[in-house]
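Encoded as structure tokens, the structure appears first; notes follow it.
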Protein chains: 2
Amino acid sequence: MRRMTARPANAHQARLLKLLRDGGPNSRAQLGDQVDLSRSKLAVEVDRLLETGLVVADGLAASRGGRRSHNIRLAPNLRFLGVDIGATSVDVAVTNAELEVLGHLNQPMDVREGPVAVFEQVLAMAAKLRATGLAEGFDGAGIGVPGPVRFPEGVPVAPPIMPGWDGFPVREALSQELGCPVMVDNDVNLMAMGEQHAGVARSVGDFLCIKIGTGIGCGIVVGGEVHRGTTGSAGDIGHIQAVPDGRPCACGNRGCLEAHFSGAALARDALEAAQQGLSAELASRLETNGGLTAVDVAAAAAAGDATSLDLIREGGTRTGQVIAGLVSFFNPGLVVIGGGVTGLGHTLLAAIRTQVYRQSLPLATGNLPIVLGELGPNAGVIGAARLISDHLFSPA
Amino acid sequence: MRRMTARPANAHQARLLKLLRDGGPNSRAQLGDQVDLSRSKLAVEVDRLLETGLVVADGLAASRGGRRSHNIRLAPNLRFLGVDIGATSVDVAVTNAELEVLGHLNQPMDVREGPVAVFEQVLAMAAKLRATGLAEGFDGAGIGVPGPVRFPEGVPVAPPIMPGWDGFPVREALSQELGCPVMVDNDVNLMAMGEQHAGVARSVGDFLCIKIGTGIGCGIVVGGEVHRGTTGSAGDIGHIQAVPDGRPCACGNRGCLEAHFSGAALARDALEAAQQGLSAELASRLETNGGLTAVDVAAAAAAGDATSLDLIREGGTRTGQVIAGLVSFFNPGLVVIGGGVTGLGHTLLAAIRTQVYRQSLPLATGNLPIVLGELGPNAGVIGAARLISDHLFSPA
DNA sequence: CAATCTTTCTCCACTCACAGGACAAAGGCG
DNA sequence: CGCCTTTGTCCTGTGAGTGGAGAAAGATTG
């Protein structure tokens, strides 16, 4: 079926659409309070939006002592698809125009299988979501990939952990398959946008969003906008040196943060500890599962396993060292910690905090909250939906 | 005397003023090519600017095959004062509206003497410049201080190397004394703005500007705008840890970059080397001057002194380590090295480059120039003039 | 030297965005 | 039932901005 063909015709309309997206249904009067336009001009623009079908007027709100107002809201049948491709799993979600998640699927997967295989799976998941009746079709899709992206073209570039993706025209290919506009970004940037839209970073202009999953990355938001850097690799902090002459890293250097702490590094360290008999807890889990992941370490730590706690604390300290440098440099108003290892929770957070508050300048840390992300696995897909809606809700 | 009372009345006028500032005199037709306005509207705005006296029409340009055009230029009697307060010296310069330096004074001074003493000296220098006939008065002044600044208010905050300045209302005080609008910023940010306006960073949107003087700082430019951070301390990279458990630093931590390399650290290391008899060259300079500074090390290195070269190389390597992290994080399109130690020149630059290219991600360094600043001691004062002119050439 | 072409600049009529006030619609409250 | 409040619509005036028709001033050419 044919969907959302219209786009806002001017900046006013774009502004109104974003207000309705972020603030929910509103009367004309309420919109007028937020938008600094005369009521007449506002009425004209709202009428035009109604004509396009992007917004609808349904029902009357309760009276507040005078004439009842019409409810103006974004078209209730608009649907966005949010896709978050991780190193080892995919998240796919459907949202409405207000970016509320209506349905969410998660499946294990290996990015290294390449774009064709992955997209097959993504499309199958999208179809499954559609089959539940949540969506008749998609008006736009946002997609995050675990590596640098040439943003304007929507093409991954030189992604270290996803060979076979380099230069693959993700945006174009997916747009063809889905029959709707698509925007592509780094998964970490999308997580940052998600937390900014609906999570802990609402109303913060400058913040950092550290995502610790299989690898480590950092979303950078400056003045409300994501900073992607000259080649799209901004925020790639996994290969900052955390330990001089430390462990060898896949990138060829030594002592990279990612080599010392990340989902992958943690799993490896846990395996080592289990095999060396340092932790009965981990050893028993190894036997049961036939392998160890960060989740096992989290569970062991929760059960009081000293080795696991030590691993987490040391990782947090390493991460904190790097973050301390970034905080001194960037002077953010907030640091958000998220990603797969959020399960490590407050042990990790405490270690990071200790290190940052100890090592960064007092002026930079004085009023600096360091908190866990609020949205968990939803952050990425909400960010993806936000990305495409920002695009579609801008003048063509 | 009363000076420049007018400000641009709208964004068009502001745009035109900035075009004239950055591109020099122009005809109406040439302006029209750059500004996407109809000739008629353009003529209206230019006329209004002429009325305010901010711009003047003087003389006719040579014909290019048709009617000769009028030269439109910024009022030739406009004067900006650029002040760059360093840790150990002050630079004061006068520029015209095109930000060309008409006169420049430099004097040794110690910031720690406090704002009152320093401003006395600054005002005396400004008066001296004025006495030469370069300026009848100042239409605005920009001033850089070596520490974090609460930018909107123009007040230094918690400056580590300049006790006595904390909370001093620099902007207001200087505005009173000079009788013109004043803007205050961190000296490093001004250096970045200077290199952006007239130096190596022209036409680069995202870049880092590392200033190595008595201390070390970094100007951050994102999308053409200086990023100052939440509390104004962004770019304060001197206290990022460069060496784990390294030298004690004045800030209370160990291994800070500044403790291992900076003008002050270099002087200290040179003194140590001279006293231990490691370098005859440095020892003789110590005897002659009664002390050593970074300049002596630069001269000794130029004369082939191995110890000095080693000191510079090691410092460059340390600095490069930190910059490598920042490059991975920020992914700039250019890195500029400047400040007092630019005299260390290519030895330093080579060491920094080696380290950055070795340690940062290939995608981030692939096309990344790392260069010395072009403006030397002028960078700060030009940046200061640029700061205030940006302010005055914006709608009131 | 006149006729013609170029370039620059000015003038004028027309369009459109927008503000702001008058007014109508719709409800609450005494 | 009259009066007040809130919401929404209509209409007119204003000012920004466009685009075209020339006028001004010089170069070029037969």
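The values are calculated or read from the model by the stated rules, or taken from the named source; none is laboratory data. No experiment lies behind these values; they were computed from the predicted model shown. We place every Cβ from the backbone using ideal geometry, glycine too, and count neighbours over all the protein chains shown.
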Checklist outcome for this item: Screening A:Arg79, A:Arg150, A:Arg112 for residues that are within 18 Å of the chain's Cα centre (by Cα) and within 20 Å of A:Asp185 (Cα to Cα) leaves only A:Arg150
Checklist entry - Restricting attention to region B:255-274, which residues are within 12 Å of chain A (Cβ to nearest Cβ) and either part of a loop (DSSP other than H, G, I, E, B) or free of Cβ contacts under 8 Å to residues at least 24 places away in the same chain (or both)? => result B:Gly255, B:Cys256
Item to check | Candidates B:Gly320, B:Gly315 - the one that is without any contact (Cβ under 8 Å) to a residue 60 or more places away in the chain and farther than 26 Å from A:Gly232 by Cα | outcome: B:Gly315
Item to check | Scope region A:324-334; condition within 19 Å of the chain's Cα centre (by Cα) and either crowded, with 24+ Cβ neighbours inside 10 Å or free of Cβ contacts under 8 Å to residues at least 60 places away in the same chain (or both); matching residues | outcome: A:Pro332
Checklist entry - Taking region A:226-241 on its own, how many of its residues are out of contact with any Gly (no Cβ under 6 Å at 6 or more places or on another chain) and more than 8 Å from chain B (Cβ to nearest Cβ)? => result 1
Checklist entry - Which is free of Cβ contacts under 8 Å to residues at least 40 places away in the same chain, touching a Phe, Trp or Tyr at 6+ places or on another chain (Cβ under 8 Å) and under 20 Å from B:Ile382 (Cα atoms), of B:Gly154, B:Gly147? => result B:Gly147
Item to check | Residue in region A:105-123 that is in contact (Cβ under 8 Å) with a residue 60 or more places away in the chain, more than 16 Å from DNA strand D (Cβ to nearest atom), touching a His at 6+ places or on another chain (Cβ under 9 Å) and in a strand (DSSP E or B) present | outcome: no
Checklist entry - Of these, B:Gly246, B:Gly179, which one is surrounded by fewer than 22 Cβ atoms within 10 Å (Cβ to Cβ), within 12 Å of chain A (Cβ to nearest Cβ) and more than 23 Å from the chain's Cα centre (by Cα)? => result B:Gly246
Checklist entry - Which one of the conditions (1) within 25 Å of A:Thr88 (Cβ to Cβ); (2) buried (at least 22 other Cβ atoms within 10 Å of the Cβ) does A:Leu309 fail to meet, given that it meets all the rest? => result (2)
Checklist entry - Just one of the numbered conditions (1) within 14 Å of chain A (Cβ to nearest Cβ); (2) touching a residue at least 24 places away in the same chain (Cβ under 8 Å); (3) not β-branched (Val, Ile, Thr) is not true of B:Arg386; which one? => result (1)
Next on the checklist: Being within 32 Å of the chain's Cα centre (by Cα) and at pLDDT 90 or above: is that true of B:Leu37 here?
Outcome noted: no
Checklist entry - For A:Leu190, all conditions in the list (1) closer than 29 Å to A:Phe330 by Cβ; (2) more than 17 Å from the chain's Cα centre (by Cα) hold save one; what is the number of the exception? => result (2)
Next on the checklist: Go through region B:193-206 and report how many residues are within 14 Å of chain A (Cβ to nearest Cβ) and either hydroxyl-bearing (Ser, Thr, Tyr) or within 17 Å of B:Glu374 (Cα to Cα) (or both).
Outcome noted: 3
Checklist entry - What is the one condition in (1) free of Cβ contacts under 8 Å to residues at least 60 places away in the same chain; (2) under 26 Å from the mean Cα position of the chain (by Cα) that B:Ala283 does not satisfy? => result (2)
Next on the checklist: Of everything in region A:29-59, what is outside any loop (DSSP other than H, G, I, E, B), more than 12 Å from DNA strand C (Cβ to nearest atom) and touching a residue at least 24 places away in the same chain (Cβ under 8 Å)? Give them in sequence order.
Outcome noted: A:Gln30, A:Leu31, A:Val46, A:Leu49, A:Thr52, A:Val55
Checklist entry - within 27 Å of B:His239 (Cβ to Cβ), away from every other protein chain (no Cβ under 14 Å) and either surrounded by fewer than 22 Cβ atoms within 10 Å (Cβ to Cβ) or among the aliphatic types (A, V, I, L, M) (or both): does that describe B:Arg358? => result no
Checklist outcome for this item: Reported set for region A:1-26 where residues are surrounded by 14 or more Cβ atoms within 10 Å (Cβ to Cβ), in a loop (DSSP other than H, G, I, E, B) and away from DNA strand C (no atom under 13 Å from the Cβ) is A:Arg3, A:Met4, A:Ala6, A:Arg7, A:Pro25
Next on the checklist: Based on this model, can you work out whether B:Ile212 counts as among the β-branched types (Val, Ile, Thr), more than 11 Å from chain A (Cβ to nearest Cβ), buried (at least 23 other Cβ atoms within 10 Å of the Cβ) and in contact with a strand residue (DSSP E or B) (Cβ under 9 Å, 6 or more places away or on another chain)?
Outcome noted: yes
Checklist outcome for this item: Of (1) within 20 Å of the chain's Cα centre (by Cα); (2) in a loop (DSSP other than H, G, I, E, B), B:Asp166 fails just (1)
Next on the checklist: Quick test for you: out of B:Gly232, B:Gly277, B:Gly238, B:Gly252, pick the one residue that is outside any helix (DSSP H, G or I) and crowded, with 16+ Cβ neighbours inside 10 Å.
Outcome noted: B:Gly232
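Okay, residues lined up against (1) buried (at least 18 other Cβ atoms within 10 Å of the Cβ); (2) away from DNA strand D (no atom under 14 Å from the Cβ); (3) within 14 Å of chain A (Cβ to nearest Cβ); (4) under 19 Å from B:Glu136 (Cβ atoms):
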{"position": "B:Ser40", "(1), (2), (3), (4)": "no, no, no, no"}
{"position": "B:Arg64", "(1), (2), (3), (4)": "no, no, no, no"}
{"position": "B:Ile72", "(1), (2), (3), (4)": "yes, yes, no, no"}
{"position": "B:Leu81", "(1), (2), (3), (4)": "yes, yes, no, yes"}
Checklist outcome for this item: Checked against (1) at pLDDT below 85; (2) assigned to a loop (DSSP other than H, G, I, E, B); (3) crowded, with 24+ Cβ neighbours inside 10 Å, A:Gly291 satisfies every condition except (3)
